[in-house]
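Visitor: Mind having a look at this structure? Questions to follow.
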Amino acid sequence: LFSDDFIDINCVMSGVQQTVISKTFKGGRISCVLGGTEIDLTKADIQEPAVLQIHEILGGITLIIPPGWAVRNNIHGVLHGVEDERRGIVQEDTSKVLVLQGSAILAGIEIKSY
(Lines give C-alpha, C1' and ligand atoms only; values in the text may rest on other atoms or scores of the structure.)
Protein backbone atom coordinates (compact mmCIF):
# COMPACT_ATOMS: atom_id res chain seq x y z
CA LEU A 1 0.00 0.00 0.00
CA PHE A 2 1.53 3.31 -1.09
CA SER A 3 1.23 6.29 1.21
CA ASP A 4 2.96 9.66 1.58
CA ASP A 5 3.35 8.79 5.27
CA PHE A 6 5.94 6.09 4.48
CA ILE A 7 9.13 6.04 2.42
CA ASP A 8 10.40 3.00 0.53
CA ILE A 9 13.85 3.47 -0.97
CA ASN A 10 16.01 0.89 -2.70
CA CYS A 11 19.30 1.96 -4.24
CA VAL A 12 22.10 -0.15 -5.67
CA MET A 13 25.18 1.65 -6.98
CA SER A 14 23.21 4.88 -7.21
CA GLY A 15 22.02 7.84 -5.21
CA VAL A 16 18.60 8.94 -4.03
CA GLN A 17 17.47 12.31 -2.65
CA GLN A 18 13.98 12.66 -1.25
CA THR A 19 12.06 15.35 0.63
CA VAL A 20 9.22 14.23 2.88
CA ILE A 21 6.38 16.69 3.53
CA SER A 22 3.90 14.41 5.31
CA LYS A 23 2.46 15.85 8.53
CA THR A 24 1.79 12.30 9.78
CA PHE A 25 5.09 10.64 8.83
CA LYS A 26 5.24 7.07 10.12
CA GLY A 27 8.66 5.89 8.86
CA GLY A 28 9.56 3.43 6.17
CA ARG A 29 12.36 1.38 4.70
CA ILE A 30 15.73 2.30 3.22
CA SER A 31 17.85 -0.37 1.55
CA CYS A 32 21.13 0.88 0.14
CA VAL A 33 24.04 -1.10 -1.39
CA LEU A 34 27.08 0.75 -2.77
CA GLY A 35 25.07 3.94 -2.89
CA GLY A 36 23.96 7.01 -1.05
CA THR A 37 20.66 8.36 0.19
CA GLU A 38 19.68 11.78 1.52
CA ILE A 39 16.29 12.16 3.19
CA ASP A 40 15.09 15.65 4.12
CA LEU A 41 12.45 15.46 6.85
CA THR A 42 12.57 19.15 7.83
CA LYS A 43 9.10 19.78 6.35
CA ALA A 44 7.60 16.63 7.88
CA ASP A 45 5.95 16.06 11.23
CA ILE A 46 5.28 12.96 13.31
CA GLN A 47 2.37 12.29 15.65
CA GLU A 48 3.67 9.01 17.08
CA PRO A 49 7.08 7.31 17.00
CA ALA A 50 8.21 6.85 13.38
CA VAL A 51 10.35 3.81 12.58
CA LEU A 52 12.91 3.77 9.77
CA GLN A 53 14.05 0.25 8.91
CA ILE A 54 17.56 0.64 7.43
CA HIS A 55 19.69 -1.98 5.68
CA GLU A 56 22.90 -0.54 4.31
CA ILE A 57 26.05 -2.09 2.86
CA LEU A 58 29.02 0.00 1.66
CA GLY A 59 27.01 3.18 1.49
CA GLY A 60 25.98 6.34 3.24
CA ILE A 61 22.67 7.75 4.46
CA THR A 62 22.06 11.34 5.52
CA LEU A 63 18.92 12.14 7.49
CA ILE A 64 18.06 15.83 7.83
CA ILE A 65 15.48 16.17 10.59
CA PRO A 66 13.76 18.98 12.51
CA PRO A 67 15.91 20.17 15.43
CA GLY A 68 13.65 19.03 18.27
CA TRP A 69 13.05 15.44 17.21
CA ALA A 70 14.44 12.72 19.47
CA VAL A 71 16.40 9.94 17.74
CA ARG A 72 16.63 6.39 19.08
CA ASN A 73 19.47 4.48 17.45
CA ASN A 74 18.95 0.71 17.25
CA ILE A 75 21.24 0.11 14.26
CA HIS A 76 23.52 -2.91 14.53
CA GLY A 77 26.41 -3.67 12.24
CA VAL A 78 30.04 -4.22 11.39
CA LEU A 79 32.47 -1.35 10.78
CA HIS A 80 29.69 1.18 10.72
CA GLY A 81 28.91 4.51 12.30
CA VAL A 82 25.83 6.47 13.25
CA GLU A 83 26.70 10.11 13.85
CA ASP A 84 24.27 12.57 15.34
CA GLU A 85 25.70 15.90 14.21
CA ARG A 86 22.97 17.96 15.87
CA ARG A 87 25.37 19.16 18.55
CA GLY A 88 24.03 21.94 20.70
CA ILE A 89 20.46 20.66 20.58
CA VAL A 90 19.48 20.48 24.22
CA GLN A 91 15.69 20.19 24.15
CA GLU A 92 14.30 17.09 22.45
CA ASP A 93 10.54 16.77 22.09
CA THR A 94 9.86 13.27 23.44
CA SER A 95 6.55 13.20 21.55
CA LYS A 96 8.51 13.41 18.27
CA VAL A 97 10.63 10.25 18.15
CA LEU A 98 12.42 8.83 15.12
CA VAL A 99 13.53 5.23 15.70
CA LEU A 100 16.34 3.83 13.55
CA GLN A 101 16.36 0.03 13.26
CA GLY A 102 18.26 -2.40 11.08
CA SER A 103 21.83 -3.04 10.07
CA ALA A 104 24.82 -1.36 8.49
CA ILE A 105 27.98 -3.01 7.17
CA LEU A 106 30.94 -0.83 6.18
CA ALA A 107 28.50 2.06 6.09
CA GLY A 108 27.60 5.33 7.76
CA ILE A 109 24.47 7.15 8.83
CA GLU A 110 24.61 10.88 9.45
CA ILE A 111 21.87 12.79 11.29
CA LYS A 112 21.71 16.58 10.75
CA SER A 113 19.46 19.53 11.47
CA TYR A 114 19.53 23.05 10.05
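Visitor: How large is the convex hull of the Cα atoms of the range 17-80 per residue, expressed in Å³ as a whole number?
Guide: Numbers: hull volume 5.3 nm³, N = 64.
Per-residue hull volume (Cα only) is 83 Å³.
Visitor: What is the diffusion coefficient of the range 46-102 in µm²/s, taking the Kirkwood radius over Cα pairs and the Stokes-Einstein relation at 10 °C with a viscosity of 1.306 mPa s?
Guide: On the way: Rh = 12.4 Å.
After rounding, the answer is 128 µm²/s.
Visitor: Further question on the same structure: Just how much of Asp45 is accessible, in Å², when a 1.4 Å probe is used and the result is rounded to the nearest 10?
Guide: The value for Asp45 is about 40 Å².
Visitor: How large, in percent, is the carbon and sulfur part of the accessible surface of the chain at a probe radius of 1.4 Å? Before the final figure, lay out each step's value.
Guide: On the way: 3400 of 6220 Å².
With neighbouring chains kept in place, the figure for the chain is 55 percent.
Visitor: So, one more: Residues of the chain: accessible area per residue at 1.4 Å, in Å²?
Guide: Working: 6220 Å² over 114 residues.
Ligands and nucleic acids excluded, the result is 55 Å² per residue.
Visitor: Moving on. Hey, any idea what Rg/Rh is for the chain, computing Rh the Kirkwood way over Cα pairs? Could you put the intermediate results ahead of the total?
Guide: Working: Rg = 13.1 Å, Rh = 13.9 Å.
The Rg/Rh ratio comes out at 0.94.
Visitor: Lys and Arg at +1, Asp and Glu at -1: add these up for the other residues within a Cβ distance under 14 Å of Phe6 and post the number.
Guide: Within the 14 Å Cβ shell, the charges total -1.
Visitor: Hey, quick one: spin label on Asn10, modelled 7 Å out along Cα-Cβ, who in the range 46-79 has an amide N within reach, i.e. under 14 Å?
Guide: It comes to 55, nothing else.
Visitor: Additional query: What does the charge add up to near Ile109, with Lys and Arg as +1, Asp and Glu as -1, over the other residues with Cβ less than 9 Å from its Cβ?
Guide: Values: positive: none; negative: Glu56, Glu83, Glu110.
Cβ neighbours under 9 Å give a net charge of -3.
Visitor: Okay, moving on. How much length would be gained if the chain were fully extended between Glu38 and Glu110, taking 0.36 nm per residue of separation minus their Cα-Cα distance, in nm to one decimal? Mind dumping the intermediate values first?
Guide: On the way: separation 72, 0.36 × 72 = 25.92 nm, distance 0.94 nm.
Full extension of this stretch gives 25.0 nm more.
The values are calculated or read from the model by the stated rules, or taken from the named source; none is laboratory data. Please read these numbers as outputs of a predicted model, since none were measured by experiment. Reconstructed Cβ throughout: ideal geometry from the backbone, glycine too, with neighbour counts over all protein chains shown. To get the accessible areas, we keep the full protein, side chains included, count just its heavy atoms, and leave off ligands, DNA and RNA. Shrake-Rupley method; radii C 1.70, N 1.55, O 1.52, S 1.80 Å.
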